[in-house]
1. To the nearest whole number, what is the average tally of beta carbon atoms from other chains within 10 Å of the beta carbons of peptide A:203-216?
2. Excluding residue A:22 itself, what net charge comes from residues whose Cβ is under 15 Å from its Cβ, given Lys and Arg +1 and Asp and Glu -1?
3. Using Cα-only point scatterers and the Debye equation, what is log10 of I(q)/I(0) for chain A at each q in 0.11, 0.13, 0.15, 0.16 Å⁻¹, rounded to two decimals?
4. Can you put A:55, B:324 in order of Cβ neighbours within 10 angstrom, beginning with the fewest?
5. If one computes P(r) from the Cα atoms of the stretch A:110-264, what percent of pairs lie at distances over 25 Å?
6. Rounded, prolate or oblate: which fits the stretch A:1-113, taking a ≥ b ≥ c as square roots of the Cα gyration tensor eigenvalues, rounded meaning a/c under 1.5, else prolate when a/b beats b/c?
7. Using the Cβ atoms and a cut-off under 14 Å, what net charge is assigned to the surroundings of residue A:149, where Lys and Arg are +1 and Asp and Glu are -1?
8. Over the Cα atoms of the stretch B:336-404, how large are the radius of gyration and the largest Cα-Cα distance (Dmax), in Å?
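Here, each number is a calculation from the coordinates, and none is a lab measurement. No experiment lies behind these values; they were computed from the predicted model shown. Cβ atoms come from the backbone with ideal geometry, glycine included; neighbour counts cover every protein chain shown.
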Amino acid sequence: MVQSVVSGLLAGGAYALIGVCIVLVFRMVRVVNFAQAATGAMGAYVAILLFGSGWSYMPAGLAGMVAGVAIGWLCGLVMSQWFSESSTVARSTVAIAMLIALLTLGFRFFGTTARKIPEIRPGSTVNVLGVNVGVSTIITVVGAIVLAFLISLFLDRTTLGIRMRALSERPHAAELLGVPAKRLAVFVWAFAGAISTAGMLLIAPSRQSDFASLGLIVLPSIAAASLGLFRSLGLAVLGGLLIGMIEGGVQNFSSIAPYSDAVPLVFIAVVLMWSQRGEVWDASR
Amino acid sequence: MSGKLATRSYAGAGLLTALVAAVVLAACGSSDSGTSTSTSADTSPIKIGAVSAITGPIPIPDGTNGAGAYFDALNKAGGINGRQVDYMPLDDKSDPALSAQLVRRLVEQENVVALAGGESLVGCPVFGGYLKKSGIYDVMGGAATPQCFTSSNISPTNVGLQDDVTAGLIYASETLKKQKVCAAMYNLGPLNASYPPALAVWEKSTGKKLAYYTTSLTANTDLNGIMLKVKDAGCDALISNGSTQAAAPLLKAAAAQGATGLTQIFMGQEYTAGLPASVGKLGEGVYSTAEFEPFTGDTANLTQMKADLKAAGVELTALGQSGWLAAKIISDTIKGIKGEVTKESVGAALLKLTSYDTNGITAKPYSFGPGNAHHPNRSVKMVQIKNGKWVTASDWIHVDEYDK
């Protein structure tokens, strides 16, 4: 049982990393970015294709990150150009449209052929509580934690970070004070694109890696982000790791194992009900 | 020319000509759109359709691609008795409602004379009855759900998931003499119905039981966790049926968790030309079932198939083989029809088709014929990755001989 839970950390790390991106984009740009994982998957596939045509790991990976940044940048441009005045719901719907577009393009370009997926330090594992955990898993989990910490630090302590918070909380006032709204928004999208590409490159070798499967990792990641109600980076990391470990643990019970894909949904439901408990209990008093 | 009078008379003449032309064309045109007229030099295209899971949660475009490749080559060589084949593969995205809608469209609007080469994962239970009611027949490429093999109007060319699994289990326990056979199968919704009967045939004919068995794998399942259980159960052979992209992570997880000495056996959809490259060294020694004469061999009967697939830019896969064969079967059947090619005459020809020699591409002849169940292909060969390439590893395993 413990082993199944520990080995769920690979998926958990992925959800945590993408979850951090989701929270960042939500806080800074007021949109639930449904296309986050698909953006990363696009970047990762560029790296995979280059690796397949002979490039070595690092150059292919970097080229992939550039692609991820470009796609993030493009999405950010579309969002801030035409939808900067729209509600969060409208903007999130646009993000869903972006997800569908990316999934369609991904299927068109990359098809269903199996490819050799590049891996960082293939074969290296560390034994954690009886499970041989891959180096990529460790990097993903540690990376998510460190990233959440660094971003929080950045937003609280640096001038640019404070400007960005001003932008997200009081966009009009910030613009009047000379904060370059559009540029910062697009920067956030591009940054999230880079991180999600890195995340995809880390986890793709160890799980089913067709484009659609990778793109739909966004759903458990959104569930992870919901733990902190899309506001806390640290809780998004915790949420991601929890979901991964619960999914791993569920595999031990053959009666519920077929429903392991429903864990994120149950997670969101529990989080939401718990967060609304004050109101429900007040109303019943 | 100028002047209103002149214009009016030209207009009048024009109108009259148009009217006459319309009457003549109407008289010459066929009464139903799409069906051929019975003139001896008919060159109108023969319409053949397919409903397939080309995209969707489990995309399998290979079948219709393979059939398309056959029809392309056939059309280039002149078509069927001088008539081109107009192949219409439609994508049902594994959505049952869409599947039903598309079949109706093919039969009622496009007036296809038959269906061929399709690989729908949800279609058979949904449109089996409709096919019977409309009197149209389907030479399916890849069938997976049990209903595809128990429908009066459908006869697939492939072996299907159930017999594939049984064959893999039989090969593991009877030929490879593995003592602890295990199975980690994917949760594929309607296809899950194939697992219990597949297991039952193996258990009954060998008297053995699986050491570890799960049918809950999905794209998100943690494969390391599964491999830990496989190792704990002491498995020495593992049957699994993931997609081609699931092969590498599964093998990686096995290696990472130290499940050495485990022989892995994949199912037919993973037998593709590109799989060995994607799994690298970890794939050495891995087996797969092959539902047709393995395309990685050099038997002469596959030359045309390989050429057609190559010409159409389609990857060599077992699913592509099934679509190609379905296209060949329907084309040869139509070639033999004397008189009009309609859905009725094609249906009659298929009902008479009790033995079609596939020239060794399948173990036994294909058949349609009357009856409420059609499952002509129940034999597989095993292939294995050796030195980074697939090689044929066994002769035909006839699953029907074990299912008595």
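1. 6
2. With Lys, Arg at +1 and Asp, Glu at -1, the net is +4.
3. Summing over Cα pairs of chain A leads to -0.64, -0.88, -1.15, -1.28.
4. Least to most surrounded, the residues fall as A:55, B:324.
5. Roughly 43 percent, once rounded to a whole number.
6. Since a/c reaches 1.5 but b/c is at least a/b, the shape of the stretch A:1-113 is classed as oblate.
7. 0
8. Cα radius of gyration and Dmax of the stretch B:336-404 are 16.9, 53 Å respectively.
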